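Accompanying notes for the structure given below.
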Amino acid sequence: MEEFKKQYKKILEQYILKQTEHNLYEGQNISRQLIQKNISPEEVISIHKASLEEIMSDLDGDVQHSFDLLIEVMIRYGLALKEHQTLIQKQQNIKMEMELAANVQQTLLKTKVPKEIDLDIGIITVPAKEMNGDYAHFLHDNTHVGIAVADVIGKGIPAALCMSMIKYGMDSLDGAETDPVIVLDVINRIVEKSVSDSMFISMFYGKYDTSKSEFTYASAGHEPPLFYCSETSSFTELQAKGLLLGVIPNVKYEQQSITLNKGDFVVMMTDGVTECRSKEGFIEQKTIMDIIENVRDQPAQEMVEYVFHKLEELQDFEQRDDFTLVIFKKI
Amino acid sequence: MNLRSSVDIITEWDIVAARQLGRNEAKDVGFGTVDQARITTAISELARNIYLYAGKGNIEIKQIAEGNLKGLQVIASDKGPGIADVRKVMEDGFTTSGGLGAGLPGVKRLMDDFKIETVFGEGTVISATKWLR
């Protein structure tokens with residue numbers, strides 16, 4: 001503090017003597033140091049007053065008093081500055097906590113992509129913020145592959161907390177053979193019991209039977225997947241009726257099946273994909289279909305990554321919602 | 001040494017009287033202009049809280065000493081509604097009178113020691129001390 005007083009007095013003395021830009025620059029430099037050392041505005045004025053009194057022995061009494069008023073006025077500025085600093089510190093702590101939570105979530109929701117079957121599988125899931133409100137999970141045994149894709153309406157921490165509940169519901173299931181309608185029924189009961197009325201989750205569940213090349217699916221109000229038939233080079237939506245999870249305990253879900261032939265694929269997604277927006281408005285389903293069709297001969301993982309990057313580009317790299325895309329391609 | 005004096009807070013003008021008392025005592029202890037301004041701002045804040053939320057109360061100013069250390073203690077007491085959630089009013093960014101850098105966190109920052117005792121429905125006693133360095 002004494003050091004600053006000396007420095008300040010010297011700069012002030014110089015400046016009173018000669019009003020050069022250089023002397024003003026010195027003043028600005030010392031302000032950086034003062035802030036770093038947490039010296040509050042009222043203290044700076046007090047230093048100014050004391051320096052002035054030393055430099056000008058004949059300083060007018062009225063002028064001296066005026067600084068006391070200024071000090072009084074500056075006290076709250078000093079407080080506001082300190083509060084600001086504390087809030088910034090707090091914000092950094094929250095951010096760090098969020099990153100930790102996101103890591104925990106990632107570990108929790110880790111899913112193993114099944115290999116060594118007659119399906120080529122690609123998956124990408126990218127949260128809009130730190131925490132993901134989308135969920136994709138595989139179940140797998142020798143003959144069956146199950147895939148769950150879910151989306152909590154909303155994003156961020158509340159959505160992420162909800163997601164872990166679905167994970168434990170999925171873990172309680174017996175195996176990949178379970179029928180989609182049964183899976184949805186079980187998860188719906190869990191969600192209905194544990195989640196507040198304002199929380200809605202949509203979910204799609206599909207099961208692929210390797211022995212019959214059959215894909216059976218059901219949906220709880222989820223975005224319908226796209227089925228690409230390689231023979232006709234055309235997309236169709238896989239519709240299945242069913243209410244969102246957690247609304248009422250007993251819901252009748254509808255189950256459908258299709259057969260996959262070589263080159264056919266199913267594209268499962270969340271509304272982060274279908275509700276992509278560019279400057280001109282929503283990106284149309286046709287555009288998304290065209291993007292996918294462009295890369296239909298690529299490995300499934302490359303397909304999903306390509307679609308993500310393409311849509312990212314169309315949206316000027318501004319991702320509004322959690323994004324999840326899964327492709328099952330028959331080989 | 002235990003000099004004490006106090007001001008009853010009933011009208012807004014009593015806030016000024018409390019400040020004046022605080023400033024006189026602070027000068028007497030030997031505080032400089034900046035610390036005087038800090039102490040009086042803290043007194044303002046405490047007296048204003050009494051005036052706004054409790055209706056009436058009292059600000060007591062005490063010169064105190066601990067070993068070689070001299071200081072000034074401000075005690076604000078009222079029989080108002082008390083504070084339901086102390087943790088919340090001590091939080092930065094939370095202020096019911098809607099100003100930056102004030103309220104009880106401000107008082108705590110301006111002074112060296114800060115203590116709050118409150119019983120919901122019965123009243124509040126806040127004491128804050130500044131030490132002369």
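List of remarks:
- Whichever residue in region A:25-42 is under 12 Å from A:LYS10 (Cα atoms) and open to solvent by less than 40 Å² (accessible area, probe 1.4 Å) and, among such residues, is nearest to the other protein chains (Cβ to nearest Cβ): A:ILE30
- Which numbered condition A:ASP151 misses (of (1) closer than 16 Å to A:THR270 by Cβ; (2) open to solvent by 10 Å² or more (accessible area, probe 1.4 Å)): (2)
- Filter result (in a helix (DSSP H, G or I), within 14 Å of chain A (Cβ to nearest Cβ) and touching a residue at least 40 places away in the same chain (Cβ under 8 Å)) within region B:1-45: B:GLY22, B:ALA26, B:ASP35, B:ARG38, B:ILE39, B:THR41, B:ALA42, B:GLU45
- The residue list A:ILE117, A:ILE124, A:ILE45 contains one member that is more than 30 Å from B:VAL107 (Cα to Cα), in contact with a Leu (Cβ under 8 Å, 6 or more places away or on another chain) and surrounded by 11 or more Cβ atoms within 10 Å (Cβ to Cβ), which is A:ILE124.
- Close Cβ contacts (under 6 Å, 6 or more residues apart or on different chains) running from residues in region A:148-163 that are at pLDDT 90 or above to residues that are part of a loop (DSSP other than H, G, I, E, B) and not basic (Lys, Arg) comprise A:ASP151/A:THR270.
- Residues of region A:50-74 satisfying the condition of being touching a helix residue (DSSP H, G or I) at 6+ places or on another chain (Cβ under 6 Å), away from every other protein chain (no Cβ under 12 Å) and not β-branched (Val, Ile, Thr): A:SER51, A:LEU59
- If you check A:ASP62, A:ASP68, A:ASP58 for being part of a helix (DSSP H, G or I) and exposed (fewer than 13 other Cβ atoms within 10 Å of the Cβ), only one passes: A:ASP62.
- Residue ranges of strands (runs of 3 or more DSSP E) in region A:216-331 with at least 1 members open to solvent by 20 Å² or more (accessible area, probe 1.4 Å) and closer than 22 Å to A:ALA136 by Cα: A:226-229, A:234-237, A:256-259, A:323-330
- Region A:181-208 - residue that is of a type outside the set (A, V, I, L, M, F, W, C) and assigned to a helix (DSSP H, G or I) and, of those, nearest to A:ILE248 (Cα to Cα): A:GLU192
- With respect to the stated conditions, B:ALA18 is of a type in the set (Gly, Ala, Ser), out of contact with any Pro (no Cβ under 7 Å at 6 or more places or on another chain), under 19 Å from A:ASP68 (Cα atoms) and buried (at least 22 other Cβ atoms within 10 Å of the Cβ).
- Residue tally, condition at pLDDT 90 or above and either under 20 Å from A:VAL113 (Cα atoms) or touching a Lys or Arg at 6+ places or on another chain (Cβ under 9 Å) (or both), over region A:298-319: 11
- Scope region A:71-112; condition touching a strand residue (DSSP E or B) at 6+ places or on another chain (Cβ under 7 Å) and open to solvent by less than 70 Å² (accessible area, probe 1.4 Å); matching residues: A:LEU109, A:THR111
The values are calculated or read from the model by the stated rules, or taken from the named source; none is laboratory data. Keep in mind it's a predicted model, so treat the numbers as computed, not measured. Positions of Cβ are generated from backbone atoms using ideal geometry, with glycine treated the same way; all protein chains shown enter the neighbour counts. For accessibility, only protein heavy atoms count, side chains too; no ligands or nucleic acids. Shrake-Rupley method; radii C 1.70, N 1.55, O 1.52, S 1.80 Å.
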